Amino acid sequence: MQQAASSVEPGIIIGVLLVIKMYIIAIITGQARLRKKAFANPEDALRHGGLQFHREDPYVERCRRAHINDMENILPFLFLGAIYSMTGPSLAVARLHFLVFFVGRVLHSVAYLCALRAPTRSLAYTVAQIPCISMALQILTLVAAYA
Amino acid sequence: MQQAASSVEPGIIIGVLLVIKMYIIAIITGQARLRKKAFANPEDALRHGGLQFHREDPYVERCRRAHINDMENILPFLFLGAIYSMTGPSLAVARLHFLVFFVGRVLHSVAYLCALRAPTRSLAYTVAQIPCISMALQILTLVAAYA
Amino acid sequence: MQQAASSVEPGIIIGVLLVIKMYIIAIITGQARLRKKAFANPEDALRHGGLQFHREDPYVERCRRAHINDMENILPFLFLGAIYSMTGPSLAVARLHFLVFFVGRVLHSVAYLCALRAPTRSLAYTVAQIPCISMALQILTLVAAYA
């Protein structure tokens, strides 16, 4: 943070909050495995009642898909957001990008875990992608001018 | 980009292009789900014709594997490439590293999605790993000298 | 590395070592696929004896789960660790964070691949999460003060 403040800080806050959101999905998955008695590994099943609990459960699989979708989208955002922040965008515009992504991804998680009616989840996904595409194009435009 | 240009810019361009490549695989997966009528979630199936379309499809699963393989390789590259760029490598050598990775990963995606004859995909994967291993070893050598 | 040394270097070393650890799991998975003759793609099975080897194997799936769990935890660490390093923590405290994460994740991989008795793996996972949560909270506290 030795750099001038501007748009780096909001990006960091949103990035860290979204990483925490991913950790929460991991915890929800673990709780679902215990509650549904559905373990991915025989050694876990053995500890929790027997090998018959080494099995899949639809809700646990749903949590897994939500988590993997987060990795597909939040992890690239951490990269795009960091680079974008360093290109010196206006603070208001940068905040808008980060906020739209944040709201989109939180809504995506809620829609996934609560199995909200389609296309809520896909809509949240698409909304969150817009600032990502926007940041990617802005970075390419700016860096291409330097190269 | 307030830093001296050198090898940071090509790394950023390649990184952003590969993130866009991952987004494209996500779009291809979504299109395949609609075309094959194979949805991972019952709520999506219900919206597109009924619960019988809550099912797996070999091509959709192929797209999923391509995407996950990208995450396993492109996401660590974003980290390695960023650190490596900051170690002040020669521009030509850095460009070679990034270019080999880029070509390898694009070929990997094409080989995966088109199910090209083995070992095309594995070869592309291996070629792309070479600059990653090289960057990792150069970073360790350089940083170990500081520590 | 033009910055003052301090806590950035240990973070880089640990980050690169953990990326290499992930690459090693990919190699172990590939070797298991060849040894167990269990290929995710028909084109790979065809090259190694026939379509009957386009099948799943419990050990290969275990390797896959270990790799995906690494992505869920090590990739966010690369982000958290980088930001945290730049907040200027004391070198000793930063080293402790990185070391606990490193030991936890290496033990997690060993516990996963060797199917050690539960709850060894879950314990290693939890231990590795502690420095991550700690870094996330420290970053939020510090950045909130700037914003």
Can you pull out every residue in the range C:25-41 that is open to solvent by 40 Å² or more (accessible area, probe 1.4 Å), touching a helix residue (DSSP H, G or I) at 6+ places or on another chain (Cβ under 8 Å) and closer than 23 Å to B:Gln129 by Cα? C:Ile28, C:Arg33
Return yes or no: is A:Glu43 among the charged types (D, E, K, R), closer than 19 Å to A:Ile25 by Cβ and over 18 Å from the mean Cα position of the chain (by Cα)? no
Inspect all residues belonging to the range B:45-57 and state whether any of them is open to solvent by 10 Å² or more (accessible area, probe 1.4 Å), of a type in the set (Lys, Arg), in a loop (DSSP other than H, G, I, E, B) and touching a Phe, Trp or Tyr at 6+ places or on another chain (Cβ under 7 Å). no
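Quick check: is even one residue across the range A:89-107 closer than 18 Å to A:Ile27 by Cβ and open to solvent by 10 Å² or more (accessible area, probe 1.4 Å)?
At the first step, the residues of the range A:89-107 found to be closer than 18 Å to A:Ile27 by Cβ are A:105-106.
From the residues that got through so far, the ones that are open to solvent by 10 Å² or more (accessible area, probe 1.4 Å) too are A:106.
Checked the range A:89-107: at least one residue is closer than 18 Å to A:Ile27 by Cβ and open to solvent by 10 Å² or more (accessible area, probe 1.4 Å).
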Which listed residue, of B:Val106, B:Val93, is more than 12 Å from every other protein chain (Cβ to nearest Cβ) and within 13 Å of the chain's Cα centre (by Cα): B:Val106
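Is at least one residue of the range A:45-58 within 30 Å of C:Thr87 (Cα to Cα) and small (Gly, Ala, Ser)? Explain how you work it out, then say what you get.
Step one: filter the range A:45-58 for residues within 30 Å of C:Thr87 (Cα to Cα), giving none.
Checked the range A:45-58: no residue is within 30 Å of C:Thr87 (Cα to Cα) and small (Gly, Ala, Ser).
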Can you pull out every residue in the range A:58-88 that is in a loop (DSSP other than H, G, I, E, B) and either surrounded by 22 or more Cβ atoms within 10 Å (Cβ to Cβ) or on the phi < 0 side of the Ramachandran plot (or both)? A:Thr87
Selected residue [more than 19 Å from the chain's Cα centre (by Cα), at pLDDT 95 or above and within 14 Å of chain B (Cβ to nearest Cβ)] from A:Glu56, A:Glu61: A:Glu56
Filter the range A:12-42 for residues that are assigned to a helix (DSSP H, G or I), at the interface with chain C (Cβ under 8 Å from one of its Cβ atoms) and in contact with a His (Cβ under 9 Å, 6 or more places away or on another chain) and give the result. A:Met22, A:Ala26, A:Pro42
Can you work out which of the residues in the range B:1-11 that are more than 8 Å from chain A (Cβ to nearest Cβ) and crowded, with 18+ Cβ neighbours inside 10 Å is modelled with the highest pLDDT? B:Gly11
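Can you report the number of residues in the range A:70-80 which are of a type in the set (Asp, Glu) and without any contact (Cβ under 8 Å) to a residue 40 or more places away in the chain? If you could, list the steps in order and put the result at the bottom.
Taking the range A:70-80 first, the residues of a type in the set (Asp, Glu) are A:70, A:72.
Those still in the list that are without any contact (Cβ under 8 Å) to a residue 40 or more places away in the chain too: A:72.
Residues meeting the conditions: 1.
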Flag if B:His67 is under 15 Å from the mean Cα position of the chain (by Cα), touching a residue at least 12 places away in the same chain (Cβ under 8 Å) and within 9 Å of chain A (Cβ to nearest Cβ): yes
Residue, nearest to C:Arg47 (Cα to Cα), within the range B:111-147, restricted to residues that are open to solvent by 70 Å² or more (accessible area, probe 1.4 Å) and more than 8 Å from chain C (Cβ to nearest Cβ): B:Leu123
Being of a type in the set (Phe, Trp, Tyr), at pLDDT 95 or above and touching a Gly at 6+ places or on another chain (Cβ under 7 Å): is that true of A:Phe98 here? yes
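The values are calculated or read from the model by the stated rules, or taken from the named source; none is laboratory data. Since the structure is predicted, the reported quantities are computational estimates derived from the model, not experimental observations. Using ideal geometry, Cβ is built from the backbone for each residue, glycine included, and neighbour counts are taken over all protein chains shown. Side chains included, ligands, DNA and RNA excluded: accessible areas come from the protein's heavy atoms. Shrake-Rupley method; radii C 1.70, N 1.55, O 1.52, S 1.80 Å.
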